Amino acid sequence: MQDILPRVPLLDLTRPQLASLLAGWGQPRYRSDQVWDWLYRQLATDPAEMTNLPKELRARLAAETRLELLALIHEQRSNDGRTVKWLFQLHDGLTIETVLMSYPPDEGPGQGETVLMSYPSDEGPGQGRRTVCISTQAGCAMGCVFCATGQAGLARNLTAGEIVAQTLAAERWLAGEAQNDEQGGGGESQAAAHAPRPAPAARRLTNVVVMGMGEPLANYERTWQALAALTDRDGFNLGARHITISTVGLPHGIQRMAAEPLQVNLAVSLHAPNDALRGQLAPINNRYPLAEVLAAVRDYIARTNRRVTFEYALMEGINDTPALARELAVLLRGMLCHVNLIPLNPVAESPYQPSGPERSSAFQAILERNGIPTTMRMRRGVEIDAGCGQLRRRHA
Ligand code: SF4
């Protein structure tokens, strides 16, 4: 028999909404805390696992709600095993990408190897980091010319649950890997959605970067709802400083971020130090020119006293000349910021190709000489289409 009412996606609910749903079913208040715990701490994928709930409640949850929002349709793992990329299908057939990157204990902040990058965290040497890069939209309306996602356009915003579910899938996958290691497994890859769940105390993911498909500040409320769920102390309990939102530079969104109590990190994709070039690479610059973006960033820094990261994807012969490096240094002089240089992950048939090591190093040296702190990331996962939108494009 077909469902008469659509089933409620539990991960789309805020904590108060979940409490209200269960209160409406006549459940005592503590039941919603238990369900929240199952969803975010114990990573349940089926109400049948929620063994401290009465049988009738489990049956009702199974009948009237949904836990799974993502169907894994493709998984690719890099040759060194440290980067895994997933293509997930949503309920309406659209697809999104999620990438998990692992850094060994001796790889401290600033030496990570990823085009998607990882941000400094509290872990420090000796702990290792595991960073998931999540998507906030199916597609993207920003149209950056060097990006496979931007070329495909925007299909729709993701729901908060679809954003959260990517992080939970990565955590389950890590737990499955750890279990595999403990059992002396052969290191075979396993499907994220079907991985066993970890013991609650052993969360393995250390960082979340909101830097996958889509512009997170164009899906502001849902992105923020997802982050609120992930940072809830009674649930997934990820520290806000372990989360970075990367934007192409929407000034009003940056201003909103400055007022948020949840102090996540901000990264802004710059890619060029002047409007003429930036307008070619990232057409949104024609609507929000650099002066407006940087004014919002300065305001953000003044209000939060937090260092901002500027992303700069180095493209051979396009934005990597010494003159542009000097112009960038002048533009950012005196700001509490840091520039993350990333040789572009090339898209097939694209005229935009990554800068070579010599040009990249020369560009970095000019910034450093002019007092702008930088990090240079090596590309990672090229063989698994790790750049944004590439796996999806290939699959399509
Ligand atoms: S680079 Fe980011 S903002 Fe630009 S089109 Fe791609 S996904 Fe959108």
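Readers should treat all values here as calculations from the given coordinates under stated rules, not as data from a laboratory. Note that the coordinates shown come from a computational prediction; the quantities given were computed from them, not determined experimentally. Virtual Cβ from ideal backbone geometry, glycine too; neighbours counted across all protein chains shown.
Taking a ≥ b ≥ c as the square roots of the eigenvalues of the alpha-carbon gyration tensor, segment 8-66 is classed rounded because a/c is under 1.5. Ordering G24, T51, L61 by the projection of their Cα atoms onto the charge dipole of segment 1-62, which places +1 on the Cβ of Lys and Arg and -1 on the Cβ of Asp and Glu, puts G24 at the extreme positive end. Under the shape rule built on the C-alpha gyration tensor, where the axes satisfy a ≥ b ≥ c, segment 136-175 is oblate, since a/c reaches at least 1.5 while a/b does not exceed b/c. For segment 140-151, the Karplus equation 6.51 cos²θ - 1.76 cosθ + 1.60, evaluated at θ = phi - 60°, returns couplings of 7, 8, 7, x, 4, 6, 9, 10, 5, 5, x, 6 Hz by residue, with Gly and Pro reported as x.
Judged by the mean number of other Cβ atoms found within 10 Å, the most tightly packed of the peptides 235-243, 50-58 leads the ranking 235-243, 50-58.
As a rough guide to protection, the peptides 205-213, 352-360 ranked by mean Cβ packing within 10 Å, highest first, stand as 205-213, 352-360.
Rounded to the nearest 0.05, what FRET efficiency do E56 and R287 give with R0 = 41 Å and r taken as the Cβ-Cβ distance? Could you check?
Working: r = 54 Å, r/R0 = 1.31.
Between E56 and R287 the formula returns 0.15.
Available extension along the chain between L94 and Q17 is 25.1 nm, counting 0.36 nm per residue and deducting the alpha carbon span.
A cut-off of 5 Å between modelled amide H atoms, ignoring neighbours fewer than 5 places along the same chain, links V8 with T65, R66. Between T304 and V8, residue separation times 0.36 nm minus the direct Cα-Cα distance comes to 102.9 nm. Here the Karplus relation 6.51 cos²θ - 1.76 cosθ + 1.60, evaluated at θ = phi - 60°, turns the backbone of segment 217-229 into coupling constants of 7, 8, 10, 4, 4, 5, 4, 5, 4, 4, 5, 4, 5 Hz, with x for every Gly and Pro.
Highest average first, the peptides 251-258, 300-307 ordered by how many other beta carbon atoms sit within 10 Å of their residues are 251-258, 300-307.
Model label sites at E327 and S350, defined 7 Å from Cα along the beta-carbon direction, differ in position by 2.1 nm.
Here the simple spin-label model places points 7 Å from the Cα toward Cβ, and for E49 and A295 these points are separated by 4.9 nm. As a rough footprinting exposure proxy, the listed residues W173, W224 were ranked by other beta carbons within 10 Å of their own, and the order from fewest upward is W224, W173. Computed from phi, the 3J(HN,Hα) profile of segment 33-44 under the Karplus parametrisation 6.51, -1.76, 1.60 (θ = phi - 60°) reads 5, 5, 5, 4, 4, 5, 6, 9, 9, 9, 6, 5 Hz, with x in place of Gly and Pro. Near the amide H of H74, within less than 5 Å, lie the amide hydrogens of L87, all on another chain or at least 5 residues away, with H placed in the peptide plane.
Could you please report the charge total around A48, scoring K, R as +1 and D, E as -1 over all other residues with beta-carbon less than 12 angstrom from its beta-carbon? Provide the component values of the computation, followed by the final result.
Working: positive: K55, R58; negative: D46, E49.
Here the count lands on 0.
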